[in-house]
Amino acid sequence: MTYSLIGRCARTGQFGCAVCTSSLAVGSRVPYAAAGIGAVLTQHRTDPRLGPRGIELLRQGCSAEETLAALVASTPHHGWRQLAVMDRHGRTAQFDGAKVKPARGAVHAPDCIAMGNILANERVPAAMADAFVRSAAEPLAERLVRAMEAGEAAGGEGKPVISSALLVVEREVFPLVDLRVDDAPEAISALRALWDRYRPMVELFVTRAVDPDAAPGPS
């Protein structure tokens, strides 16, 4: 009951994830990313321990394929897991456990991987990846939101989506963007509204952190 995407901006070096589902607070469980390192998604019967474990493997220099293989080998319950990894070079790897329920699928495309489980149809990941690729001139966060909207337009999942999340990292140890909708009747629309409101302030918040003397606004 989840669909998601990892994306990279080759122009800026940003990595990011977007995800939505019909259960609460998906942003706290599924997406993981580190600046200059890559990203991991862990979903279906989610094991949030696999996200930080995957990021650490990528940090040590493992490729996406090596990281995925190590994650699968590390859990005796891999049959329930659906995983995706992107490494620092933009290479991708994906795993569906034998117990992951259909409709399910994954699509690898330039600088992204889209996947989902318990979907309304198998076209959803392809629609997400296509929207991401076609919006290459936009900021990464915008591309990720458009991918989620395309997934929804292609059918989404069988139940109403109530939570969604958008995570983007660039240079700092803190995220460039970290937005979450934890419980809303139209979570993707709510994420769009949140991103549209946050978008003009992205660089301001970074400047406040790294060069506060140069930041406009109140002290």
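The values are calculated or read from the model by the stated rules, or taken from the named source; none is laboratory data. Fair warning: this is a prediction, and the values are worked out from it, not measured in the lab. Glycine also receives a Cβ, built like all others from the backbone with ideal geometry; neighbour counts cover every protein chain displayed. Quick note on the areas: whole protein, heavy atoms, side chains included, nothing else; ligands and nucleic acids left out. Shrake-Rupley method; radii C 1.70, N 1.55, O 1.52, S 1.80 Å.
Observations on the model:
- Rounded accessible area of residue 174 (nearest 10 Å², 1.4 Å probe): 70
- Site pair residue 59 and residue 210 shows an inter-label distance of 1.9 nm when each label is modelled 7 Å from Cα along Cα→Cβ.
- Heavy-atom surface analysis with a 1.4 Å probe gives the chain a carbon and sulfur content of 53 percent of its accessible area.
- Relative contact order computed over the chain (Cα-Cα under 8 Å; 6+ residues apart), in percent: 24
- Residue among 169, 202, 26 with the largest mean-square fluctuation in a Gaussian network model of the chain, springs linking Cα atoms under 10 Å: 202
- Highest-fluctuation residue, 52, 76, 185 considered, GNM on the chain with Cα pairs under 10 Å: 76
- Prolate/oblate/rounded label for the stretch 59-124 (Cα gyration tensor, a/c 1.5): oblate
- Rounded, prolate or oblate (a/c below 1.5 giving rounded, otherwise prolate when a/b exceeds b/c) for the stretch 1-152 by Cα gyration tensor: oblate
- Amide H contacts for residue 157 (H built 1.01 Å from N in the peptide plane; partners 5 or more residues away or on another chain; cut-off under 5 Å): 120.
- Local charge for residue 66 was computed over the other residues whose Cβ lies under 14 Å away, with Lys and Arg +1 and Asp and Glu -1, and equals +1.
- Mean residue ellipticity, 222 nm, helices only, the chain: the sum of -39500 (n - 2.57) across DSSP H runs of n ≥ 4, divided by residue count and rounded to 500, is -9500 deg cm²/dmol.
- Once all protein chains are placed together, residue 188 keeps about 10 Å² accessible to a 1.4 angstrom probe.
- Cβ charges +1 (Lys, Arg) and -1 (Asp, Glu), total dipole of the stretch 117-219, debye: 160
- Heavy-atom accessible area per residue - the stretch 22-106, 1.4 Å, Å²: 42
- Of the residues 199, 104, 81, the one that moves most in a GNM of the chain with alpha-carbon contacts below 10 Å is 199.
- Solvent-accessible surface ranking, highest first, for 132, 205 at 1.4 angstrom: 205, 132
- Tensor-based shape of the stretch 64-219 (alpha-carbon gyration tensor, a/c under 1.5 rounded, otherwise prolate or oblate): prolate
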